[in-house]
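Have a look at the structure below, then the notes.
Values in this text are rule-based calculations from the coordinates and carry no lab data. On a predicted model such as this, the values are computed, not experimentally measured, just so you know. When we count neighbours, we look across all protein chains shown, and the Cβ atoms used for this are built from the backbone with ideal geometry, even at glycine.
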Amino acid sequence: MTRPHHKPHEHLSDLYKSDSEKTDYLNQLFNVSSHQYDRILKYGFFGTGGAYRRRTIENAGLRPDMRVLDVACGTGGVLWEAARTVPPDQLTGVDPSHGMLEASRAKLPGVTFLEGSAEAIPVPDNSHDLLVMGYALRHVRTFEEAFEEFYRVLKPGGKVLILELSRPKSRVGCLFLKLYLKYYIPFLALLLCRNRDAPKMMRYFWDSIEVCVDRETILRCLETAGFQQCRNDAELRIFSAFSGVKPADGKPLP
């Protein structure tokens, strides 16, 4: 019996027509805007991102003896916070964008960075204690492909932590977030970067959030992939932290 495959959202047909076009489109956006990415986030979110990342990974049980893997690591925001607790040689970042990887390497010497995607993570089975993905779940092909890879690379008892922006359920909250992410942040990106690709990248964030599946679907897909103790912790009804634990027996999926 073939398992159903759940996409984060349907194709945004005005931007790309297929999975391969989506990958190429996103890589181009992130490659050309990588050197300005941190600056946009700093001013767009008032410098609060680091504190939130640090708090969530600490709440996930981060310890100095852990091997930590950041999938879709971008410019290394999660790894920067993890490096306050974990030695650099126990940290690994994976991203498909060479521009993002260059920015990460410049910021975090001693950390291992590898080119790869959520669907094909270039690390061994059962090799990491904590896997984090920050604000990139909407970019994967299907949840099944990504979550099965997450399960594969985590050690038995290891934890997955996925940070994401979720669409508010209230009409007023949704309208506010849309105005902020679709119009204000891209306008700020244009002012800061003088580069039309930067606002295009930031506008894509809202476009994909607006049509993303609900939180319940994401949790069900985590459970189907084999994770236990799956939960979603939300702040301000917008910032979602999805988590799950690989069973201690570490049995491979059937």
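What full-extension length gain, to one decimal in nm, is calculated for LEU12 and LYS178 as 0.36 nm per residue of separation minus the Cα-Cα distance? Mind dumping the intermediate values first?
Numbers: separation 166, 0.36 × 166 = 59.76 nm, distance 1.65 nm.
Result for the pair: 58.1 nm of gain on full extension.
Just to confirm a number: summing +1 for Lys and Arg and -1 for Asp and Glu over residues other than ALA189 whose beta-carbon lies under 11 angstrom from that of ALA189, what do you get? Kindly include the intermediate steps, with their values, before the conclusion.
Numbers: positive: ARG39, ARG194, ARG196, LYS200, ARG203; negative: ASP197.
Once positives and negatives cancel, what remains is +4.
When the Cα atoms of the stretch 163-214 are enclosed in a convex hull and the volume is divided per residue, what value in Å³ results?
Output value, Cα hull per residue: 72 Å³.
Which residues does the label zone of THR23 cover in the stretch 59-93, counting backbone N under 16 Å from a point 7 Å along Cα→Cβ?
Residues passing the 16 Å test: 72.
Taking the chain as a Gaussian network, where each spring joins two C-alpha atoms under 10 Å apart, which residue of ASP129, ASP19, ASP95 fluctuates the most?
ASP19
Only four residue types carry charge here, +1 at the Cβ of Lys and Arg and -1 at the Cβ of Asp and Glu. Report the dipole size of the chain about the Cα centre in Debye, rounded to the nearest 20.
820 debye
Pick from GLU164, GLU102, GLU216 the residue whose mean-square fluctuation is largest in a GNM of the chain, springs joining Cα atoms under 10 Å.
Checking each option, the largest mean-square fluctuation is seen for GLU216.
Can you compute the radius of gyration and Dmax for the stretch 25-141, using only the Cα atoms, both in Å?
When restricted to the Cα atoms of the stretch 25-141, Rg and Dmax are 13.4, 39 Å.
Among LEU165, THR85, ILE121, which residue has its Cα furthest toward the positive end of the charge dipole of the chain, with +1 on Lys/Arg Cβ and -1 on Asp/Glu Cβ?
Positive-end residue among those listed: LEU165.
Which value, to two decimals, describes the C-alpha radius of gyration of the stretch 105-254 once divided by 2.2 N^0.38 Å?
Against the empirical 2.2 N^0.38 Å value, I get 1.17 for the stretch 105-254.
Please report, in debye to the nearest 20, how large the charge dipole of the stretch 133-254 is about its Cα centre when each Lys and Arg carries +1 at its beta carbon and each Asp and Glu carries -1 there.
So the magnitude is around 400 debye.
Running a GNM on the chain with Cα contacts under 10 Å, which residue among TYR43, TYR204, TYR151 ends up with the highest mean-square fluctuation?
Top of the fluctuation ranking is TYR43.
By its C-alpha gyration tensor, with a ≥ b ≥ c as the square roots of the eigenvalues, how is the stretch 1-77 shaped: rounded for a/c under 1.5, else prolate for a/b larger than b/c, else oblate?
oblate
Note down, for the chain, the three equivalent ellipsoid semi-axes (square root of 5 times each alpha carbon gyration tensor eigenvalue), biggest first, whole angstrom.
Ellipsoid semi-axes (Å, largest first): 27, 22, 18.
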